[in-house]
Structures are given as structure tokens and as C-alpha cells.
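Okay, structure first, notes after.
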Amino acid sequence: MINQTVDKIMTVNLKTVQPDTPISEAIKLLIENKISGLPVVDQQGKLLGILTEGDLMWQESGLEAPPYIMILDSVIYLQNPARHEKEVHKVLGKTVGEVMSDKVITITSGRTVKEAAILMHDKKLSRLPVIEEKGGKLIGIVTQSDILRTMID
């Protein structure tokens, strides 16, 4: 069954959020639905990112200041300050758009379950959003559990 296509095993009735969704509302959705991630979509259903429990851990774990040195009252950062700015947004973010991961690895529905499994293994993913080949609209999601079920069917 590993050679069947992703559209045969994906979950299609997805819980999704938009970038302006408050973090508290997204957390409730995660808990109430016993899921560990939420796709983030725009008004047309195009995938913009994903919000995972890991993204939300930034809220509780806090932030370490980047290493810097001071010379004559000037601050010189020893790491890229832009990276630090993104981390600050994750810690202080109040909306999904401020906290989500916007670099999402996806797959299209016509690809095989085997290709999805390889991609998930290689990239250490627990979920893989499924998008339309043209347009990037979210149409489903494949999880590790979905793939495991195909192994016993």
C-alpha cells in the first residue's frame, strides 16, 4: 500500500487558523482536537505556514540575549541581529502569524505514500501539508500515523 497516492490517506477535514488568529485561540484548538500542529492559511485557503507545539514553546521558554560586546558605548552583536529579532517575535507574539513557522515543507496529492514517508523521515517531520499542484491551496495533511496505518492495511 506504500505505492498508493497521498490523497488516498490524507486527512481532509482540517482545523486551520489564519495569521491574525490570537495565540490563545490556536492553543485551545490544539488541545480540544488533540493535535500538535495547525496549518496557517489565508482567506483563499493558500498555505502560509504552520503553527506547532514547538513554536509555542518559545512563549514559555523565554529568550536569551544574543552575544555582544560594547566598545565606546556602541553595541556590536556577535550574531546576526535579524535572527534575534525573529526570536523576539516568537516569544512576544500574540497572533499566529508572529509565532508560526513560515518555511513549510509540503507535498502534492498525486505523490506516493512512499515519497511522503521518505520526505518526513529525511526532514524529521511529524506532519506534511498536502497542497494543490498549482496555487498552493491546502487540501489535506498527512501524518506519521496515516503512513503507519497504510503499512497494516
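Just give me the residues in segment 94-137 being among the basic types (K, R) and over 24 Å from M151 (Cβ atoms), in sequence order.
Step one: list which residues in segment 94-137 are among the basic types (K, R), which gives 94, 103, 111, 114, 123-124, 127, 134, 137.
K94, K103, K134, K137 - these are the residues of segment 94-137 that are among the basic types (K, R) and over 24 Å from M151 (Cβ atoms).
Right, I76: more than 20 Å from I35 (Cα to Cα) and at pLDDT below 90 or not?
The answer is yes for I76.
Taking the conditions exactly as written (at pLDDT below 90 and surrounded by 13 or more Cβ atoms within 10 Å (Cβ to Cβ)), does G93 satisfy them or not?
Numbers: at pLDDT below 90: yes; surrounded by 13 or more Cβ atoms within 10 Å (Cβ to Cβ): yes.
Against the criterion (at pLDDT below 90 and surrounded by 13 or more Cβ atoms within 10 Å (Cβ to Cβ)), G93 qualifies.
Among the candidates V99, V130, single out the residue that is within 28 Å of Q43 (Cα to Cα), touching a His at 6+ places or on another chain (Cβ under 9 Å), among the β-branched types (V, I, T) and in contact (Cβ under 8 Å) with a residue 12 or more places away in the chain.
None of the other options fit; the residue is V99.
For segment 98-118, which residues satisfy the criterion of being touching a strand residue (DSSP E or B) at 6+ places or on another chain (Cβ under 6 Å), more than 30 Å from D153 (Cα to Cα) and not in a loop (DSSP other than H, G, I, E, B)?
Answer for segment 98-118, where residues must be touching a strand residue (DSSP E or B) at 6+ places or on another chain (Cβ under 6 Å), more than 30 Å from D153 (Cα to Cα) and not in a loop (DSSP other than H, G, I, E, B): just S101.
Filtering segment 7-40 down to residues that are β-branched (V, I, T), part of a helix (DSSP H, G or I) and in contact with a Leu (Cβ under 8 Å, 6 or more places away or on another chain), which residue is surrounded by the most Cβ atoms within 10 Å (Cβ to Cβ)?
At the first step, the residues of segment 7-40 found to be β-branched (V, I, T) are 9, 11-12, 16-17, 21, 23, 27, 31, 35, 40.
Going one step further and asking which of them are part of a helix (DSSP H, G or I), we end up with 23, 27, 31.
Restricting the remaining residues to those that are in contact with a Leu (Cβ under 8 Å, 6 or more places away or on another chain) gives 23, 27.
Values: I23: 19, I27: 15.
Only one residue fits best here, namely I23.
K34 - would you say it is charged (D, E, K, R), out of contact with any helix residue (DSSP H, G or I) (no Cβ under 8 Å at 6 or more places or on another chain) and at pLDDT 90 or above?
Details: charged (D, E, K, R): yes; out of contact with any helix residue (DSSP H, G or I) (no Cβ under 8 Å at 6 or more places or on another chain): yes; at pLDDT 90 or above: no.
No; evaluated as a whole, the condition is false for this residue.
Here are some conditions: (1) touching a Ser or Thr at 6+ places or on another chain (Cβ under 8 Å); (2) exposed (fewer than 15 other Cβ atoms within 10 Å of the Cβ). Q43 meets all but one. Which one does it not meet?
All conditions are met except number (1).
Do we find a residue being part of a loop (DSSP other than H, G, I, E, B), on the phi < 0 side of the Ramachandran plot and modelled with pLDDT under 95 anywhere in segment 135-150? Spell out how you get there, then give the answer.
In the first step, residues of segment 135-150 are kept if they are part of a loop (DSSP other than H, G, I, E, B); the result is 135-136.
Narrowing the set further to residues that are on the phi < 0 side of the Ramachandran plot leaves none.
No, there is no match, as no residue in segment 135-150 is part of a loop (DSSP other than H, G, I, E, B), on the phi < 0 side of the Ramachandran plot and modelled with pLDDT under 95.
The values are calculated or read from the model by the stated rules, or taken from the named source; none is laboratory data. None of these values were measured; they are calculated from a predicted model. For neighbour counting, all protein chains shown are included, and Cβ atoms are generated from backbone atoms with ideal geometry for every residue, glycine included.
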